[in-house]
Amino acid sequence: MAHPAASSQAHSAAPAPYSELARELHDHAVQQLFSVGLELEAVSRSIPQPQAEDLLNVVEVLDSVVSELRVVIFALSHPRDIDSIRRRILDAVEETHLAGLPTPSLAFTGPVDLVIRGSLADHVTELARRALHMLGSRLGGAVLRLTAETGHVELDVIAPRGAAPFHELGELGFTPDSAARRMRWSEPIPATAP
């Protein structure tokens with residue numbers, strides 16, 4: 001089966017099977033993984049610290065897998081011709097992949113498609129494209145996270161554990177967090193986003 005992000009013709013020709021697959025992934029796989037993560041977190045509170053930390057690392061990986069599955073579910077259930085910030089970011093990451101570069105994991109938090117529109121969406125898309133281009137071959141294992149919440153939008157680029165931080169993103173207006181693994185760009189959401 002063709003990858004949905006790589007084959008818009010297949011997606012346009014047969015949306016019902018893709019939507020059904022997306023629903024199955026959400027209703028079963030994502031929910032089960034989420035449940036396993038919660039159980040592992042509970043177990044981590046009852047075991048010694050070194051093992052608990054290892055278990056919490058596994059939970060972090062599960063959270064990442066759930067986020068990636070949610071991105072796939074979105075790609076399967078939304079046609080390519082619908083203009084949304086998620087679709088734009090997915091397309092930017094696909095361009096990176098087609099250029100032969102590693103791609104980051106993606107995560108979306110909050111109502112990004114409802115509040116990041118118009119010129120703000122244009123700006124966020126261009127910023128993501130420039131960040132992806134700037135980091136190039138260093139993207140393997142990284143996470144690109146777009147968040148919309150309480151009056152602001154954030155675009156985070158998170159370096160993998162043990163990798164050099166992405167300080168060069170400072171040129172694009174990103175700032176490091178205290179641990180320096182995450183570089184963050186943030187902007188208020190206009191009161192009436194166009």
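Readers should treat all values here as calculations from the given coordinates under stated rules, not as data from a laboratory. Since the model is a prediction, treat every value here as computed from it, not as a measurement. Cβ coordinates were reconstructed from backbone atoms using ideal geometry, including for glycine residues, and neighbour counts include every protein chain displayed.
With the simple model of a label 7 Å out from the Cα in the direction of the Cβ, T150 to A52 spans 2.7 nm.
Tally Lys and Arg at +1 and Asp and Glu at -1 over the other residues with C-beta under 14 Å from the C-beta of L56: what net charge comes out? Write down the numbers at each step before the final one.
Values: positive: R45, R161; negative: E39, E41, E53, D54, E60, D63.
So the surrounding residues net to -4.
Cβ crowding within 10 Å, taken as a proxy for footprinting-reagent exposure, orders M183, M134 from fewest neighbours to most as M134, M183. Taking 7 Å steps out from each Cα toward its Cβ at D91 and E126 produces label points 1.5 nm apart.
Suppose R0 equals 30 Å. What FRET efficiency, 1/(1 + (r/R0)^6) with r the Cβ-Cβ distance, do Q32 and A99 give to the nearest 0.05? Intermediate results must be reported in sequence, preceding the final value.
Working: r = 35 Å, r/R0 = 1.16.
The pair Q32/A99 has a calculated efficiency of 0.30.
Here the simple spin-label model places points 7 Å from the Cα toward Cβ, and for A191 and T175 these points are separated by 2.4 nm.
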